[in-house]
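Peer 1: Handing you a structure now.
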Amino acid sequence: MNTPKSTADALLEATIESIHRNGLSATTVSTVTELAGLSRGMVRHNFSSKRQMLAETMKKLWGGWMLVTKPSPNATPADQVKAIVLAMFKPEVFSTPRVAAWLALSSEAHTDPVLAEIRERAYAEWTRQLADALEAYGAADPAAAAINVLAVTDGLWLRHLLDPEALPREAAAEVALDATRLLMADVDV
């Protein structure tokens, strides 16, 4: 678990861990506060509801990814593409608990409009950022290429979750780069 910076952060980190250990449906205020070593009252003090705590957890996961995907403005377009793809597999983003939480919350989004809005904003931002880098490189259809790369990434995240030992983080990153190379035959990433 990452080192929390505040009580709210400790609860969000515990929510990620609880979803990983117990699944989303079995993640309760009690499982979260037990993992965080805090009282149930701290949840009520920091969040208006369990639903808000889950939404904030999803935002935290998205925000963590966005923090590490800022390629250098001086990087070549190919290096920007590579940096964005590899960021999806950095240890602070791509850990089994974080992957489990993101995928569980994303799958719940089809019945929860708050989670759906967070997921849609996240994917729109990821797609835009990657498409911008691909466009700078000269991709014929950068938006479609970005969606394809993100679809591969989603698949790798799911495959890792199903069997983390069969697809460790480093291997997933290499597969993502290989897939990007195949999708963009002229992109040397």
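Peer 1: Within the set of pairs 6+ apart or on separate chains, which have a first residue in region 168-189 that is within 24 Å of Gly138 (Cβ to Cβ) and among the basic types (Lys, Arg), a second that is loosely packed, with under 14 Cβ neighbours inside 10 Å and at pLDDT below 85, and C-beta atoms under 9 Å apart?
Peer 2: Hits for this filter: Arg181/Asp188.
Peer 1: Out of Val43, Val32, report the one residue that is surrounded by 13 or more Cβ atoms within 10 Å (Cβ to Cβ), among the aliphatic types (A, V, I, L, M) and at pLDDT below 95.
Peer 2: Just a single option satisfies the conditions, and that option is Val43.
Peer 1: Would region 162-180 turn up any residue that is at pLDDT below 95, under 17 Å from the mean Cα position of the chain (by Cα) and of a type in the set (Lys, Arg)?
Peer 2: Yes; the residues of region 162-180 include at least one that is at pLDDT below 95, under 17 Å from the mean Cα position of the chain (by Cα) and of a type in the set (Lys, Arg).
Peer 1: Being without any contact (Cβ under 8 Å) to a residue 12 or more places away in the chain and within 20 Å of Ala109 (Cα to Cα) narrows it down to one residue among Ala26, Ala55; which is it?
Peer 2: The match here is Ala26.
Peer 1: Against the definition (free of Cβ contacts under 8 Å to residues at least 12 places away in the same chain and either part of a helix (DSSP H, G or I) or surrounded by fewer than 21 Cβ atoms within 10 Å (Cβ to Cβ) (or both)), how does Ala140 come out, yes or no?
Peer 2: yes
The values are calculated or read from the model by the stated rules, or taken from the named source; none is laboratory data. Keep in mind that this is a model prediction, so the values were computed, not measured. Note: ideal-geometry Cβ built from the backbone for every residue, glycine included; neighbour counts use all protein chains shown.
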